[in-house]
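The values are calculated or read from the model by the stated rules, or taken from the named source; none is laboratory data. A quick note: this is a predicted structure, and the numbers were derived from the prediction, not measured. Virtual Cβ from ideal backbone geometry, glycine too; neighbours counted across all protein chains shown.
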Amino acid sequence: MALKLYNYTLSGSCYKVRLLLDFLDLDYERIPVDFFPGKEHKTLDFLDINPLGQIPVLEDGPMRLRDAQAILAHLANSYDETGHWLPRAPALFGPVMMWLMFAGNEIMAASAARLHDVLGYELDIEAARANAHAAFRVLDDHLTERALIGKTWIVSDHPTIADIACFPYTALSGDGGIGHEEYPAMRNWMRAFRRLPGFNAVSGIPEFA
Amino acid sequence: MSVTDDPVALNQWIACAYVGQVTPGKSYDTAMLGQAIRISCALDGTCTCHEIGDDGGPGRQLPLSQRFEILFTTLGDTPRQLPDIPEFAEADRRVANCASVGLHASPFRIVENFLDMAHFCFVHKDILGSMEKTEVFTYKTEHRKDVDEIWATDCAFFQPAASTSAAEKGGGQVTYYKYRVMSPFSVMLYKTVYGNAERDDAICLFIQPKSETECIAYMPMAILDDQSTMTQIIDFQQTIFLQDRIILENQRPVLLPLTPSAEIPTKADVSSIAFRRWLKGMGMRFGILQEQAA
Ligand SMILES: [Fe+2]
């Protein structure tokens with residue numbers, strides 16, 4: 001198979017990539033990484049694959065990519081004939097990139113809280129939760145504005161890789177003690193996302209938002 | 001957080017770390033029953049356990065016992081013995097240390113969820129249960145007085161992908177279960193090995209109650225599977241447990257009520273009724289919903 005994903009099922013970042021692979025109906029091989037408790041991503045062998053010691057990593061033929069956001073952009077650029085997942089129109093491309101970066105930075109505070117609560121990582125949990133709430137406030141405000149003009153998705157009339165990148169750690173935030181009560185627009189958006197054809201859930205995604 | 005004064009809870013061996021969790025030369029702070037504790041491991045791998053005093057310094061030394069890939073300690077002077085699980089010593093078994101998962105829930109709710117077959121088809125849809133076949137067959141529950149354990153036997157359930165090896169071969173099967181509550185904070189099940197009706201996989205759940213509503217769950221297994229990689233086995237077990245976790249964290253009331261009428265039982269709850277009766281009989285107060293005075 002041409003596509004290989006170094007994967008850990010419970011990782012929200014790997015989940016981003018699996019979501020797009022499923023939406024695009026692409027065949028790929030999963031290479032399981034013992035992230036916890038094995039910390040295989042920090043082993044010398046894995047550092048050869050990704051010197052940053054992070055998952056996911058995607059292999060596409062001779063190309064090897066790290067960073068979930070970069071992988072999403074690559075897959076959409078190479079395999080989405082509709083162009084919907086990564087729109088090239090100037091009015092859309094920049095905003096998609098902006099929200100993609102937001103998913104890789106600000107929203108990752110929710111990932112930190114989840115690692116603390118579920119896997120016992122030692123970190124400042126209060127700061128992680130506060131930062132995640134601040135990021136969710138920004139996303140919820142944006143989605144409220146979108147809803148006011150009749151739009152469901154973060155950027156375009158169609159879901160884009162920005163929606164995919166933002167979905168896992170917002171939907172999984174309850175695992176880290178961060179509720180969705182204060183974010184009605186985000187809840188509506190998550191509900192719409194779960195109804196996309198090809199959507200697969202992962203442990204920890206609430207069924208009824 | 002203060003340590004419980006419940007002698008029943010105090011006199012249990014309780015899981016406090018999995019083997020390999022504490023790096024040699026380092027220490028790890030955690031808690032049990034409201035008491036802060038520290039596990040320190042020397043460079044040669046030998047570990048010790050202490051209470052952490054109010055000043056942050058080491059207090060009373062606690063005993064450590066290593067079994068089933070887990071370190072256990074106790075705050076009590078006359079703890080109930082650790083269970084005997086001979087499967088862990090069988091040469092052809094693979095022992096999987098599935099590490100641990102933290103969750104905000106009562107330890108007894110976690111035990112009950114483990115005992116409850118009715119949730120398979122909803123919480124573990126397409127893996128441990130199927131929406132088309134939701135029936136829980138009648139089974140027997142007994143209090144085995146010689147070992148003072150609760151057993152549920154003759155449990156049967158249709159499962160689309162009961163284990164890693166079954167999932168890989170794409171085979172649904174009727175799986176036979178036996179449940180065994182070994183202590184207030186530990187439970188295990190024996191389940192039909194995929195493709196081998198003679199022997200059972202042994203899957204355990206040891207719970208470390210840090211407080212009445214905050215736990216760490218350990219899931220060691222001794223299984224017969226020469227196909228799957230250890231990474232796949234652990235991945236499967238963690239995936240299942242995180243499906244339970246979201247349900248457990250949302251259960252109300254958080255503490256376990258022992259009043260018979262508090263929650264309406266169904267057929268699948270026979271084991272949970274026996275479990276609650278057993279907890280009541282031993283006088284457990286820790287983690288139990290205290291009844292309001294009338
Ligand atoms: Fe379960």
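Hey, B:ASP154 hits all of (1) more than 18 Å from the chain's Cα centre (by Cα); (2) within 14 Å of chain A (Cβ to nearest Cβ); (3) free of Cβ contacts under 8 Å to residues at least 60 places away in the same chain but one; which does it fall short on?
Of (1) more than 18 Å from the chain's Cα centre (by Cα); (2) within 14 Å of chain A (Cβ to nearest Cβ); (3) free of Cβ contacts under 8 Å to residues at least 60 places away in the same chain, only one is false for B:ASP154: (2).
Would you confirm, using the coordinates I've provided, whether B:GLY287 is surrounded by 20 or more Cβ atoms within 10 Å (Cβ to Cβ), at pLDDT 95 or above and more than 14 Å from chain A (Cβ to nearest Cβ)?
Answer is yes for this residue.
Can you give me the ranges of the strands (runs of 3 or more DSSP E) entirely in the stretch B:61-160 with at least 2 residues that are in the same structural domain as B:LEU205 (by TED's automatic domain parsing)?
Passing ranges, in order: B:94-96, B:100-103, B:140-144, B:149-159.
Return yes when B:HIS124 is within 12 Å of the ligand (Cβ to nearest atom), under 20 Å from the mean Cα position of the chain (by Cα), within 14 Å of another protein chain (Cβ to nearest Cβ) and within 21 Å of B:ILE273 (Cα to Cα) and no when it is not.
no
Take the conditions surrounded by 20 or more Cβ atoms within 10 Å (Cβ to Cβ), within 20 Å of the chain's Cα centre (by Cα), within 14 Å of chain A (Cβ to nearest Cβ) and not charged (D, E, K, R) and apply them to B:ALA9. Does it pass?
Spelling it out, it is not the case that B:ALA9 is surrounded by 20 or more Cβ atoms within 10 Å (Cβ to Cβ), within 20 Å of the chain's Cα centre (by Cα), within 14 Å of chain A (Cβ to nearest Cβ) and not charged (D, E, K, R).
Considering each residue of the stretch B:52-93, count those that are more than 18 Å from B:CYS204 (Cβ to Cβ) and free of Cβ contacts under 8 Å to residues at least 24 places away in the same chain, and give that number.
12
Output the residue which, of all residues in the stretch A:59-85 that are under 23 Å from A:SER11 (Cα atoms) and free of Cβ contacts under 8 Å to residues at least 12 places away in the same chain, is farthest from the chain's Cα centre (by Cα).
Residue satisfying both the conditions and the ranking: A:MET63.
Based on what the data block shows, is A:TYR6 in contact with a helix residue (DSSP H, G or I) (Cβ under 8 Å, 6 or more places away or on another chain), surrounded by fewer than 21 Cβ atoms within 10 Å (Cβ to Cβ), closer than 25 Å to A:ILE205 by Cβ and touching a residue at least 24 places away in the same chain (Cβ under 8 Å)?
No, not satisfied.
Search the stretch B:66-121 for residues being within 16 Å of the ligand (Cβ to nearest atom) and acidic (Asp, Glu), and hand back the single one that is farthest from B:SER186 (Cα to Cα).
Filtering the stretch B:66-121 for residues that are within 16 Å of the ligand (Cβ to nearest atom) and acidic (Asp, Glu), the one farthest from B:SER186 (Cα to Cα) comes out as B:ASP116.
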